[in-house]
Amino acid sequence: MYGLVHRGIKEFLLHSASPEAWNRIRTQAGIADDEFEDLRAYPDEETFALVGAVSQELGQPPEDILYAFGRNWVLFTAESAYGDLLEQAGDTFESVILNLDMLHQIVGRSMPDLRPPTFDVKDVKDGWIVEYHSERVGLESMVAGLLEGLLEMFGKKGMIQRLPAASYCEVQFLVTLTT
Ligand code: HEM
């Protein structure tokens with residue numbers, strides 16, 4: 001994945017642990033780079049190796065790491081470096097989730113090898129069903145964390161529940177607002 005994701009993983013780790021922990025993780029994941037270039041595509045294997053190594057270092061399951069990373073990514077990494085883009089996507093939680101594909105299309109203009117996820121969002125009684133499509137497997141907890149980060153960014157409280165797989169969509173979430 002593009003370097004901004006790897007940089008986000010590093011920032012997340014430094015946020016929750018120490019520079020020494022980061023060095024152990026890099027070694028464990030077999031990654032020589034200490035800095036990542038946002039606009040360079042790194043092999044997905046390195047992304048997954050980093051998540052695995054963080055999981056070992058912090059003694060938490062990979063799903064928990066992906067969730068926490070997704071939340072942290074929206075609240076800190078995207079906010080600081082890509083705040084303008086997030087603003088373009090909308091000024092409410094709903095407008096941003098409706099514009100996620102557009103947002104990634106804009107990102108793709110400067111990242112030609114981008115393989116972004118796509119989302120279908122449907123209005124339901126108390127919230128939204130967010131269908132997530134990706135060519136990658138295993139990142140659904142990260143989506144839940146990203147959605148949680150977005151809720152917090154807009155000062156909202158809500159529930160994000162994974163729904164059973166449907167024939168048309170393997171991974172979908174029900175997002176309901178509680179405030
Ligand atoms: C300004 C904000 C954002 C930027 C700049 C951005 C950019 C990116 C980039 C560069 C990737 C890596 C894809 C690749 O290398 O092929 C990615 C992946 C991803 N993005 Fe975003 N993104 C943003 C916001 C969001 C938000 C708000 C969500 C909320 C759901 C989201 C969901 C994802 C997911 C789930 C992936 C993992 C890749 C996959 O599922 O296959 N992104 N994004």
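The values are calculated or read from the model by the stated rules, or taken from the named source; none is laboratory data. Everything numeric in this text was worked out from a predicted model, so none of it was measured. Note that we place each Cβ from the backbone using ideal geometry, even for glycine, and neighbour counts take in every protein chain shown.
Which count do you get for residues in segment 151-160 that are closer than 14 Å to G127 by Cα and assigned to a helix (DSSP H, G or I)?
Looking only at that region, the number is 1.
Mind checking which helices (runs of 4 or more DSSP H) fall wholly inside segment 82-121 and carry at least 2 residues that are more than 21 Å from G145 (Cα to Cα), more than 9 Å from the ligand (Cβ to nearest atom) and not assigned by TED's automatic domain parsing to the domain that holds P43?
Hits in segment 82-121: 100-110.
Taking into account only those residues within segment 143-157 that are within 18 Å of G70 (Cβ to Cβ), surrounded by fewer than 20 Cβ atoms within 10 Å (Cβ to Cβ) and not basic (K, R), which is farthest from the chain's Cα centre (by Cα)?
Looking at residues that are within 18 Å of G70 (Cβ to Cβ), surrounded by fewer than 20 Cβ atoms within 10 Å (Cβ to Cβ) and not basic (K, R), I get F154.
May I ask you to list pairs of residues, at least six apart or on different chains, whose Cβ atoms are under 7 Å apart, with the first in segment 103-118 being surrounded by 13 or more Cβ atoms within 10 Å (Cβ to Cβ) and the second being of a type in the set (G, A, S)?
L103/A89; L114/G108; P116/G108; P117/S134
Taking segment 121-132 as the region of interest, how many residues are surrounded by 15 or more Cβ atoms within 10 Å (Cβ to Cβ) and not aliphatic (A, V, I, L, M)?
Counting residues in segment 121-132 that are surrounded by 15 or more Cβ atoms within 10 Å (Cβ to Cβ) and not aliphatic (A, V, I, L, M) gives 4.
Given the conditions (1) free of Cβ contacts under 8 Å to residues at least 12 places away in the same chain; (2) under 12 Å from L13 (Cβ atoms); (3) of a type in the set (D, E), which single one is not true for E45?
Exception for E45: condition (2).
For residues in segment 52-61 being surrounded by fewer than 21 Cβ atoms within 10 Å (Cβ to Cβ) and touching a residue at least 40 places away in the same chain (Cβ under 8 Å), which is farthest from L151 (Cα to Cα)?
Restricting to residues being surrounded by fewer than 21 Cβ atoms within 10 Å (Cβ to Cβ) and touching a residue at least 40 places away in the same chain (Cβ under 8 Å), the top hit is E57.
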